[in-house]
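In what follows, a structure is listed as structure tokens, so that the remarks can point back to it.
The values are calculated or read from the model by the stated rules, or taken from the named source; none is laboratory data. Remember, predicted model here, so these are calculated numbers, not experimental data. Cβ placement follows ideal geometry from the backbone for every residue including glycine, while neighbour counts extend to all protein chains displayed. In case anyone asks, the SASA skips ligands and DNA or RNA and just uses the protein heavy atoms, side chains included. Shrake-Rupley method; radii C 1.70, N 1.55, O 1.52, S 1.80 Å.
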Amino acid sequence: MPGEQHSRVEGPSTSPYAPLEGRPRSLVTTSASVPEAVPRLRLVDRMSEAVERPLTLVTAPAGFGKTMLVDSWTELYPGPAVIKRVALDASGEQPVALLETMPDGPQRTPEAVDEQDVLVLVVDCGDHTMSEEFGQGLHRLIRCNAGRVRVVLVTRSDPPLPLHLYRLAGTIVEIRAAELAFTTDEAEALMSRHNLDLTAAELAELQDRTDGWPAGLMFAAMNLAGKVDPQRVIHEFRGDAGNVAAYLMTEVLDAQPPELRDFLLLTCVVDEIRPGLAHALTGRPCDLRSLQFLSHGNSFIRPVPGTADCYTYQSLFREFLRAQLIFERPDVVPALHRAAAAWFAKNGRPLTAIHHAIMAGDWRQAARYLVEDLNVCGLLAGRWRRQLSTMFVDFPDELDGAEAAVVRAAMALAALDVDRCTSELGQATDCLSHQAPARSQAAGLAITVLQAVCASLGEDTEAGLGATLGVEAALRAASPEPAMHSEPRLLVAGCKGRLLLQRGDFPAALAAFTDGNAIAEEAGAHETLADFLGMSALVEAVWGHLRRAEEVVAHSAALAEPTAQLPQSAIVAEAWVHLDRGDLAGAEQLVQRAARTAPTQHAHVLAVALTLVRARLLRASGDLDLAAAELRAASKIDGAQGGWFGQALIVDEAKLLVVRHRPQQAIAMIEQSEGREEYGSVLALQRAATEAGERVPAPPPPVSYRAVPLDTQVDGWLVQAAESIRTGNAGRGGLYLERALRLAAPEYLRRPFTEAPPSLRKLLQPTGELMRRHPWLRAPSATRGRDRPAGHGKESRNEPLGSASLTSKEHEVLEYLAELLTTEEIANSMYVSVNTVRSHVRSILRKLSASRRNEAVRRAWELGLLPSRPET
């Protein structure tokens with residue numbers, strides 16, 4: 001029974017709640033009538049359920065509609081209890097005598113109730129604090145009447161009742177500010193009553209700004225009345241101006257005791273308050289119980305969900321406090337920010353420490369916080385790149401010291417200004433000799449990382465790769481834990497992958513970007529992850545894995561937020577895929593889109609890749625002179641000399657010279673290049689020699705190993721086919737051509753065939769036998785390509801139904817099945833387990849609606865998923 005549970009009333013205990021002397025008053029002291037009330041039946045129903053318990057506590061600051069809720073419930077309550085209302089007045093005399101007239105239950109009056117009925121006593125405290133005596137009387141009344149008297153207590157702060165005992169006994173229902181706050185639907189209804197038609201996004205922003213505070217929503221509705229731009233009004237709705245500020249000043253701040261008022265102003269500079277942080281800001285001891293006591297029953301100061309000791313101010317209230325602090329005590333604001341910065345730096349929150357140091361105007365300390373733990377690399381990559389770049393946009397050029405020079409170097413590198421970065425790093429190195437070793441260690445490692453990034457952007461690919469591998473080892477030695485130093489690890493992984501791609505080492509480049517993907521995903525750096533996925537897709541596309549590249553681009557696009565832009569790397573990779581598959585219109589749209597996209601640290605290699613795509617598009621359209629000009633211009637880009645991309649520019653220009661009937665110039669260009677021994681260069685040289693009528697050099701052996709791009713492998717077979725036909729061996733030429741077609745079919749690689757020698761293009765006429773047996777060769781129509789929005793979904797192409805349903809690995813297994821390899825032989829060839837192969841086979845059978853392997857292969861031939869059926 002309730003009476004047995006509540007054996008005594010515990011008096012107040014204020015001494016444990018230092019530094020707040022005495023009981024703080026409610027943070028709102030007067031009620032605000034709310035016109036145009038919105039029916040809130042969910043709360044009325046909640047009240048009806050609550051009064052079945054001995055005690056119902058409705059507590060929240062003014063403006064939350066407590067009294068209005070009780071009024072609505074009283075009007076709608078069907079009984080059978082009798083409702084009696086008592087209001088505390090401003091005289092200071094509280095109606096204790098009323099309670100004493102009911103020691104044994106409801107008294108009989110002319111309106112007396114039957115014995116089975118109960119009395120619901122509604123006590124509305126308004127803006128007054130309940131006395132201890134009155135609280136004891138309420139407690140006795142509840143305890144001695146065994147549920148026949150039920151009390152509804154409406155108050156601004158917790159009353160002097162043993163609430164913990166009521167909670168333990170399950171005899172109390174508490175309706176607090178969080179439950180009284182307006183829901184989004186209720187906020188929409190309130191706006192409608194004021195003839196305001198807001199969008200869902202505007203309502204969500206308004207709800208976020210006010211946290212559902214009914215009075216705040218009313219003030220917002222007043223501001224919105226008659227305005228033509230509600231989005232701007234909502235965005236500018238703040239707590240430090242207008243009616244909201246006046247309300248919070250008179251009804252909240254000015255009503256507080258001096259100690260509490262001082263505490264509120266000194267701690268408002270931070271977004272989250274913790275006991276130790278409050279101590280650092282106020283200079284007075286503050287423990288967790290103090291913050292709990294301060295927040296109890298109050299919605300303007302509340303716990304941060306998911307934390308044990310962290311509290312925060314309601315956003316409008318925090319804005320008001322900060323404005324008032326600047327007005328009353330502007331001289332203490334910098335010191336408060338410096339104290340906050342020191343506390344956050346000491347407690348492992350460097351980003352917040354940097355923010356407060358900048359707010360204090362202490363750029364030197366902000367630079368030091370940024371360089372420590374290698375956070376300076378966050379200006380170039382990582383989860384906080386955009387935020388840090390915004391924070392340091394006004395970093396002074398004249399500030400001296402190693403940390404300041406390192407910060408300016410990183411900012412210069414973010415703008416791809418390698419020369420200034422190198423200069424600033426030199427200054428930083430000179431300054432380090434005058435600093436303590438412990439302090440210079442982080443700065444020294446940061447300098448090493450930035451120097452490696454600068455080297456990776458230079459002309460010497462091998463030197464850049466050596467510097468990158470060296471700093472990778474240094475980072476590993478400095479912190480073996482992968483989770484540590486994620487920003488510099490991301491930088492190094494990006495440089496390493498890009499340099500290996502420039503070198504033409506596609507497997508190693510893909511492995512480097514894959515490692516970077518894992519680091520970015522673990523660190524929550526989604527923007528960097530999307531960029532690295534785009535670079536991975538570019539490696540796959542250049543390598544010739546067009547289907548895999550398409551899948552990775554889709555993954556990168558899925559990571560980008562709806563308002564975020566697809567990274568330039570992913571757009572260039574997608575353009576490469578569309579071009580190689582013959583979707584010229586789609587590739588052109590993507591080239592234009594990539595040119596409008598902001599560059600990243602991979603800008604140089606992406607510029608070269610984009611130029612190759614653009615030049616090949618111009619060649620396909622017949623504008624050979626402009627295509628050659630594009631290639632010559634690209635050769636002057638920093639980092640374009642040497643390596644695979646540099647040689648690709650030379651090979652493409654040599655091919656254009658052959659098409660323009662200048663084979664001698666093509667031969668000289670190839671023979672003078674550093675990569676003249678590469679397979680693609682030898683193939684271009686053979687074409688030029690044939691065109692010039694010179695002795696054709698010995699053909700290189702056809703290659704099929706994985707390190708050579710697929711288009712080069714296909715081109716090797718096409719060159720062999722053309723030479724065989726030229727020498728009169730048409731049969732062998734046909735076999736070579738079939739091999740090229742079979743190699744290109746799984747990826748729908750069409751470009752090498754459109755650029756094939758004239759003798760081969762005659763065999764690839766639209767009405768020819770080869771085209772009939774290889775329908776995938778038909779390129780997408782120009783109209784369909786133009787109509788498809790760039791960068792969305794897969795390209796439009798005239799491909800057989802079902803071709804897109806097979807993954808790249810399934811296509812590979814399908815090819816081996818056509819060669820009649822056993823499961824074990826396929827597993828050995830693919831370096832996978834037998835069970836993995838069996839899984840792929842089952843998937844192939846299911847997707848091709850086949851019951852046996854030979855039936856699946858036959859079905860694949862019919863659909864054009866495999867090259868033509870071999871002759872018997």
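For this structure, a couple of remarks:
- E674 sits among other residues whose Cβ lies under 14 Å from its own Cβ, and their net charge, with Lys and Arg +1 and Asp and Glu -1, is -4.
- R289/D254 FRET efficiency (R0 25 Å; Cβ-Cβ; nearest 0.05): 0.45
- Within the assembled protein chains, the solvent-accessible surface assigned to W717 is about 40 Å², based on a 1.4 Å probe.
- Multiplying the residue separation of V233 and R853 by 0.36 nm and subtracting their alpha-carbon distance yields 216.5 nm.
- Separation of the stretch 116-154 from the stretch 607-646 is 85 Å, based on Cα centroids.
- Pair H661, H526: separation of 7 Å Cα→Cβ label points (nm): 5.8 nm
- For the stretch 229-316, the relative contact order works out to 23 percent when only alpha carbon pairs closer than 8 Å and six or more residues apart are counted.
- W363 exposes around 50 Å² of accessible area when a 1.4 Å probe is run over every protein chain in place.
- Within the stretch 351-410, the GluC sites (Glu not before Pro) that combine a DSSP coil assignment with at most 14 other C-beta atoms in a 10 angstrom radius are E398.
- Each 10 Å bin, from zero up to the one with the longest distance, holds this percent of the alpha carbon pairs of the stretch 162-255: 15, 40, 23, 14, 7, 0.
- Reachable lysines, given that their alpha-carbon falls under 25 Å from the alpha-carbon of K636 and they are not under 8 places away in the same chain: K496, K655
- Shape of the stretch 553-617 from the C-alpha gyration tensor: oblate (a/c of 1.5 or more and a/b not above b/c, with a ≥ b ≥ c the square roots of its eigenvalues).
- Within the stretch 329-347, backbone nitrogen closer than 15 Å to the virtual label 7 Å beyond the Cα of D394 toward Cβ: 334
- Cα convex hull volume per residue for the stretch 339-447 (Å³): 94 Å³
- Mean separation of Cα pairs under 8 Å and 6 or more residues apart, divided by the residue count, gives the stretch 568-702 a relative contact order of 16 percent.
- Whole-Å distance, taken between Cα centres, linking the stretch 536-552 and the stretch 708-726: 22 Å
- Rolled with a 1.4 Å probe across the full set of protein chains, the surface gives K227 an accessible area near 100 Å².
- The S423 and R773 beta-carbon pair, evaluated with R₀ = 56 Å, returns a calculated FRET efficiency of approximately 0.35.
- Placing a pseudo-label 7 Å from each Cα along the Cα-to-Cβ vector at L41 and N835 gives an inter-label distance of 5.7 nm.
- Ordering of 648-661, 830-843 by packing [mean C-beta count within 10 Å, highest first]: 648-661, 830-843
- The share of Cα pairs per 5 Å bin across the stretch 161-209, counted from zero up to the longest distance, runs 5, 18, 19, 14, 9, 6, 9, 10, 8, 2 percent.
- The residues neighbouring G494, those whose beta-carbon lies less than 14 Å from its own, together hold a net charge of -1 under the Lys/Arg +1, Asp/Glu -1 convention.
- Around G242: net Lys/Arg minus Asp/Glu count, Cβ-Cβ under 13 Å: -2
- Full extension of the chain segment joining A558 with K762 gains 69.2 nm, where the gain is 0.36 nm per residue of separation less the Cα-Cα distance.
- Distance in nm between pseudo-label sites at A335 and L416 (7 Å out along the Cβ direction from Cα): 4.9 nm
- Potential extension, V304-R632 segment - 0.36 nm per residue separation minus Cα distance: 112.1 nm
- Note on Q565 and A201: with the Förster distance fixed at 22 Å, the Cβ-Cβ geometry gives a FRET efficiency of about 0.65.
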